[in-house]
Amino acid sequence: MTGDDPRHRLIDEWLVAAAEGRAAPEQGDVVNRLLAEDQALRRYVAQRLIDEALIREELQVAEAESLLGEHAAVPAAPSPRRARVTARALAPVAAACAAVAACVLLWPRGDTVAPVPPAPDGLPPAVDTRAYAVVTHAVNIDWPPGAEPVQPGDRIAERNLRIAGGFLQIEFFGGATAVVEGPAEVEVASESRVRCREGKVRVGVPPQAGGFTLQAGSVELVDPGADLGVRVDRDGAGEVHALSGRVGVRQGGAVRLIESGTAVGFSAAGNVTGVAPGPGGFVGLERLRAIKAESAAARYGRWREHSDRWSRDAALAMYFTFDGQAEFDRGLVGRVAGARADGAIVGCRWAQGRFPGKGALEFKQTSDRVRVRVDGEFESVSLFAWLRVDGVERRYNSLLLADAYTPGRVHWQLTEAGALRFSVSGTGGCEAQRVVTMASLGRWVQLATVYDHPAQVVRHYVDGREVAACAFAAVAPLLIGPAELGNWSPTRSAAADPIRSLNGTVDEVAVFRRPLSAEEVRQAYRAGRP
């Protein structure tokens, strides 16, 4: 937003006029004078230029350096394709331009607009350079009390991992892969060293992962071959199975080699004896894949049952499941019982959703959107979505935005800092800070916002948990009307931050004319989590 500064409004109007090729020469002169006098305004213009897709076009042509040259100036009559700002005024912006170019490599997006560098309080870097491994699969996991859950994609540094049930696949940066079966406790010590304190672990060690070591109870397995299985009991005793290749079992200073197809047992004191091999007792990658597919199919079925119940809710105003549609469909089928509340797909591509076989829509280009219309007036409203966010390049990133800014219009979006924002024109907004972080990019997440008018409160939820609440008394009645999923078509041409395209994939979205309870949000998460 431009706030109350008339200079910001003047500059916003010029930017829109310049982009459309209708800026008057005197406008350019005024802007040049303002920028030459005020460094804060120069930073403001740099941000606006990035947001409105004017800098990237300049950087893509051969004369890009002229942007920073000594003689570049705002043209008297800018062309429809290009707008330039006085380079002397924008000299401090050079670093910002470089940051934008760098962000193109860091934020994957097939887009026509350069991503906006995060503000100082934006998404913090969450990459742990000390990490040794990454979680690649978590299937039917049951976390014991006090355990810190992990998800696929999490990087693991030195830490204990405890699971009460299910399967966890971990890939070490040294090249080895482990499938942990609960109940189990394992400790990641380095990119080539892990300790199994309890449970069953199957480890694949390719030749490229030489030097891998597995501490199992009282023995140490060194330079294992291609595949081995380990079971460690609570008392520290256990077994080692060489499923393929040889495994060196070290106890004290002695190393005992066991060949492929053989196994040994060990006591808590470290005594090693031969035992009958049992390769079927350890879950490998193929079996894990089958277990995961069966689990996903069961979850998909539970979600469909829950979705069918929702579609019959009398308070449902808009509901899209993105399910059961063809790749080339350009109409999005609404699921509100007894009503035809469909959407028009513009640009978006169909993709796989949370479950194998379930559809979703991918929003990548600044043109991607779904046009919808949500009729009627609302006293209270609940907004719900399952989506995967791949980046938050814009100051505002659309979830569901009413076209209009007239009093009572509802706007639901993510900010560049990863906050979930609900606002009503003429009233204000309520944010839940950093519901999207660098670590959560690329993962399916459930977002919900509930405005309860009788209670005069807004509640934000992430994955079924309430994360923020604001005292809020909206202008009544609430309205949505013509609106967009994943983008915005403002009805006023000079609106601030007109580019609010989402970078991600959406596979369920709903609007209710009543406040959902906390338990209803939790039930929806349990029924729909992938």
* Mind checking which pairs have a first residue in region 343-363 that is part of a loop (DSSP other than H, G, I, E, B) and a second that is aliphatic (A, V, I, L, M) and surrounded by 17 or more Cβ atoms within 10 Å (Cβ to Cβ), Cβ under 7 Å, 6 or more apart or different chains? -> Cys348/Leu361; Cys348/Val370; Gly353/Ala360; Phe355/Ala296; Pro356/Ala296
* Which residue pairs have Cβ atoms closer than 8 Å, lie 6 or more positions apart in sequence or on different chains, and pair a first residue in region 286-306 that is closer than 18 Å to Gly353 by Cα with a second residue that is open to solvent by 90 Å² or more (accessible area, probe 1.4 Å)? -> Arg299/Arg529
* Would you say Ala404 is assigned to a loop (DSSP other than H, G, I, E, B), over 12 Å from Asn503 (Cβ atoms), open to solvent by 10 Å² or more (accessible area, probe 1.4 Å) and in contact with a strand residue (DSSP E or B) (Cβ under 7 Å, 6 or more places away or on another chain)? -> yes
* Asked: In region 514-522, is there at least one residue being at pLDDT 95 or above and in contact with a Leu (Cβ under 8 Å, 6 or more places away or on another chain)?
  -> no
* To do: Would you mind stating whether Val458 is within 22 Å of Asp403 (Cα to Cα) and at pLDDT 95 or above?
  => yes
* Positions within region 129-182 being loosely packed, with under 15 Cβ neighbours inside 10 Å and assigned to a loop (DSSP other than H, G, I, E, B), in sequence order -> Thr129, Arg130, Pro144, Pro145, Gly146, Glu148, Pro149, Gln151, Gly153, Ala157, Glu158, Ala164
* To do: Find all pairs meeting these conditions: Cβ atoms under 8 angstrom apart; at least six residues apart or on different chains; first residue within region 210-237 and closer than 17 Å to Ala184 by Cβ and in a loop (DSSP other than H, G, I, E, B); second residue modelled with pLDDT of 90 or more and acidic (Asp, Glu).
  => Gly217/Asp233; Asp233/Glu198; Arg234/Glu198
* Structure fact -> Out of (1) buried (at least 17 other Cβ atoms within 10 Å of the Cβ); (2) farther than 24 Å from Ser295 by Cβ; (3) in contact with a strand residue (DSSP E or B) (Cβ under 7 Å, 6 or more places away or on another chain), the one Val205 does not meet is (3)
* Selection status of Gly261, at pLDDT 90 or above and either crowded, with 18+ Cβ neighbours inside 10 Å or not basic (Lys, Arg) (or both) -> no
* To do: Tell me which residues, restricted to region 370-382, are buried (at least 24 other Cβ atoms within 10 Å of the Cβ) and of a type in the set (A, V, I, L, M).
  => Val370, Val381
* Would you confirm whether any residue within region 184-194 is in contact with a Pro (Cβ under 9 Å, 6 or more places away or on another chain), part of a strand (DSSP E or B) and closer than 19 Å to Ala131 by Cβ? => no
* So which residues in region 273-308 are open to solvent by 60 Å² or more (accessible area, probe 1.4 Å), in contact with a strand residue (DSSP E or B) (Cβ under 9 Å, 6 or more places away or on another chain), assigned to a helix (DSSP H, G or I) and not hydrophobic (A, V, I, L, M, F, W, C)? -> Pro279, Arg287, Arg289, Lys292
* When Arg197 is evaluated against the numbered criteria (1) in contact with an Asp or Glu (Cβ under 6 Å, 6 or more places away or on another chain); (2) touching a residue at least 24 places away in the same chain (Cβ under 8 Å); (3) under 14 Å from Ala263 (Cα atoms), which criterion, by number, is the only one it fails? -> (3)
* For region 515-530, enumerate the residues that are assigned to a loop (DSSP other than H, G, I, E, B), touching a residue at least 60 places away in the same chain (Cβ under 8 Å) and open to solvent by 40 Å² or more (accessible area, probe 1.4 Å). => Pro515, Arg529, Pro530
* Asked: Could you say whether any residue in region 455-463 is surrounded by fewer than 18 Cβ atoms within 10 Å (Cβ to Cβ), of a type in the set (A, V, I, L, M, F, W, C) and either in a strand (DSSP E or B) or touching a strand residue (DSSP E or B) at 6+ places or on another chain (Cβ under 9 Å) (or both)?
  -> yes
* Structure fact -> Of the residues in region 337-369 that are among the aliphatic types (A, V, I, L, M), open to solvent by 40 Å² or more (accessible area, probe 1.4 Å) and in contact with a Ser or Thr (Cβ under 8 Å, 6 or more places away or on another chain), the one that is farthest from Val511 (Cα to Cα) is Val346
* So Gly270, is it under 43 Å from the mean Cα position of the chain (by Cα) and surrounded by 14 or more Cβ atoms within 10 Å (Cβ to Cβ) -> no
* Asked: Among the residues of region 381-401 satisfying the criterion of being of a type in the set (Gly, Ala, Ser) and at pLDDT 95 or above, which is farthest from the chain's Cα centre (by Cα)?
  -> Ser382
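The values are calculated or read from the model by the stated rules, or taken from the named source; none is laboratory data. Computed from a predicted model, the values in this text were never measured in an experiment. Every residue, glycine as well, gets a Cβ built from its backbone with ideal geometry; the counts of neighbours run over all protein chains shown. Ligands, DNA and RNA are excluded from the accessible area calculation, which covers all protein heavy atoms including side chains. Shrake-Rupley method; radii C 1.70, N 1.55, O 1.52, S 1.80 Å.
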